[in-house]
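Working notes, beginning with the structure itself.
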Amino acid sequence: MGFAFGYGFKRRSYLLYRKWREFFSTQWAGGVVLLFFVVVAMLLANIPATAEFYHALLEAPVGITVGSFDFTFDLERFVNDGLMMVFFFTVGLEIKREVVSGHLSSFRQALLPVAGALGGMVVPALVYALFNHGTQYAAGWGIPMATDIAFAIAIVSTMGNKVPVSLKVFLTALAVVDDLGAIVVIAVFYGASVRFKLLLAAAVFLFLAWLLKKLKVNTFFPYVLISVALWLLFYHSGVHATIAGVLLAMFIPSEPKYNKKYFLNKVRFFLDDFVNRNRGEVPVTENEAQVLDLRRISVIAADSMSLSQRFDRLLSPWVNYLILPLFALVNAGVQVTSAADLNLFATTQGIGILFGLWIGKPLGITLLSFVFVKTGLAVMPAGTSWKMFIAVACLGGIGFTMSIFMDTLAFAAQPAFMAAGKIAIFAASVAASLTGLVAIRAVHGAGRGRSGAPGEGQ
């Protein structure tokens, strides 16, 4: 009886573990975790029994205090100004990867997502400005410019083969370019008064990073030290500290130290040596020569990947399942005190964000893409139609992470405006998600009805 119970428990535990791993290996897992923490933050902020705890949590000190040396922040600032640098660093790595060898590596490949991203930034900003120019909300024009790549890719992934692969690639590349545009806007328009001497010192550290790249230094430690120095200098310079992460990413080596041929030859040599040094029944852990061979193989394997890839593999799980959820936890907890707080049409701020993201984003993406395709400057993604293109473009209106970040910068001195902006971002993102899902299903269904097969022709 006890054996059967123990076996059953182990089997259930294994199946649960396997399901858990399968979930986190999907493209949409990050979006689900992010949404969960959004809901948690909203509940914590609005349930009377937990609201006080939630606000105390945001103000909890995080940092280092040694004697008279005190370098601490409250949790909210630590996440927004500190941990988000790591997020922006991974965004920078992704941008660089796409430019070096991905969907933005050639002029022909890059032109359509660049055009779509440009239209998807300019039109929403104009829509917001149309409602808010000259008002107390005018500073928020950058809020509806950004697409949240985690949520957008998560939703489009759930649609399976209803969305052509070429359009999934287009949306990913567009979101990458969109992130780059948002980073430029943050650096240029949402910084404080700039202290150029500190930026000059930061440039020296970036030069050191470039020098390390030229010398083919392929270890984490020196770049981590440079990242700390850059963060401190940018933090006190007046340019938002997270920009340091993007800039450093541009100097991380994207070429491996060893090529494939060298890797294969070295691994074969050490494997042969491993076999030759075998001592019967003596386990590997007690055979120093074999342990040394294994260490050498691991070093060769690590140096046969670029440092950029290794950073990305190391940091992506932390960003997707810790940093972004923490960002959602500390920023999404908007306290709703009355029904008036949920009235998006009570102010031009709410109207500007709602229509900027929900209508302006897909309109801008589609219009400029249409112009570039019709003039022959760019090529329509293969195997799709303009109807499906517009349906997918609707998902560009999901503006969670970067839009909230812009909101916290634009209205840092006006908490009431910041809270109202977050509610508008949530509403617009939900509206864009539902619109995109319904439109994709409708277009896919119409295509099946005419052809009897998935998809549409042009």
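Peptides 386-399, 433-446, 202-215 ordered by packing proxy, namely the average of other Cβ atoms within 10 Å per residue, highest first: 386-399, 433-446, 202-215. Full extension of the chain between residue 68 and residue 413 gives 121.2 nm of extra length, using 0.36 nm per residue less the Cα-Cα distance. Taking Cα atoms only, the orientation of helix 107-132 departs from the longest principal axis of the chain by about 40 degrees. For the chain, the spread of Cα coordinates along the three principal axes comes to 79, 73, 64 Å, biggest extent given first.
For the chain, the mean residue ellipticity at 222 nm estimated from helices alone is -22000 deg cm²/dmol, where every DSSP H run of n ≥ 4 contributes -39500 (n - 2.57) and the total is divided by all residues, rounded to the nearest 500.
Size of segment 364-442: Rg and Dmax of its alpha carbons, in Å, are 16.2, 48. In segment 168-271, one over the average inverse separation of all distinct C-alpha pairs is 16.0 Å, which is the Kirkwood hydrodynamic radius. Carbon-plus-sulfur fraction of the accessible area of the chain, 1.4 Å probe, in percent? That fraction is 68 percent. Residues in the chain average 51 Å² of solvent-accessible surface per residue, probe 1.4 Å, ligands and nucleic acids excluded. With the Kirkwood sum run over all distinct C-alpha pairs, segment 170-218 has a hydrodynamic radius of 13.4 Å. Note on residue 96: aspartates and glutamates with a C-alpha under 20 Å away, same-chain residues under 8 apart excluded, are 148, 178, 179, 255, 303, 312.
Along segment 171-182 the Karplus relation, 6.51 cos²θ - 1.76 cosθ + 1.60 evaluated at θ = phi - 60°, assigns HN-Hα couplings of 5, 5, 5, 4, 5, 5, 5, 4, 4, 4, x, 5 Hz to successive residues, with x for each Gly and Pro.
Ranked by the mean number of other Cβ atoms within 10 Å of their residues, highest first, the peptides 247-253, 223-229 fall in the order 247-253, 223-229.
Ranking 201, 247, 175 by how far each Cα lies toward the positive end of the dipole of the chain (charges on Cβ) leaves 175 at the top. Seen from every direction in turn and averaged, the convex hull around the alpha carbons of segment 68-182 projects onto 10.9 nm². Length gained on full extension, residue 260 to residue 199: 18.0 nm, using 0.36 nm per residue less the C-alpha separation. Roughly how tilted is helix 415-451, in degrees to the nearest 10 and between 0 and 90, from the longest Cα axis of the chain? On a 0 to 90 degree scale, this one is about 80.
Taking amide hydrogens as placed 1.01 Å from N in the peptide plane, the amide H of residue 62 sits under 5 Å from those of 73, 74, 75, each at least 5 positions away in sequence or on another chain. Assuming charge only on the beta carbon of Lys and Arg (+1) and of Asp and Glu (-1), the dipole of the chain about its Cα centre is about 1600 debye to the nearest 20.
Against the chain, whose longest principal axis is taken from its Cα atoms, helix 29-46 shows a tilt of about 50°.
Hey, any idea what the orientation-averaged projected area of the convex hull of segment 229-318's Cα atoms comes to, in nm²?
8.4
Taking every Cα-Cα distance in segment 240-382 and sorting them into 10 Å bins starting at zero, the pair-distance distribution P(r) comes out as 9, 16, 18, 23, 14, 10, 9, 2, 0 percent. Seen from residue 402, the other residues with C-beta closer than 10 Å to its C-beta sum to a net charge of -4, counting Lys and Arg as +1 and Asp and Glu as -1. What the phi angles of segment 309-324 give under the Karplus curve with 6.51, -1.76 and 1.60, with θ = phi - 60°, is a coupling list of 5, 5, 4, 5, 5, 6, 8, 4, x, 5, 5, 6, 10, 9, 5, 5 Hz, glycine and proline written as x.
The values are calculated or read from the model by the stated rules, or taken from the named source; none is laboratory data. Since the structure is predicted, the reported quantities are computational estimates derived from the model, not experimental observations. Here the Cβ is made from the backbone with ideal geometry for all residues, glycine too, and neighbour counts use every protein chain on show. The protein model used for the area step is the full one, side chains on, heavy atoms only, and it has no ligands, DNA or RNA in it. Shrake-Rupley method; radii C 1.70, N 1.55, O 1.52, S 1.80 Å.
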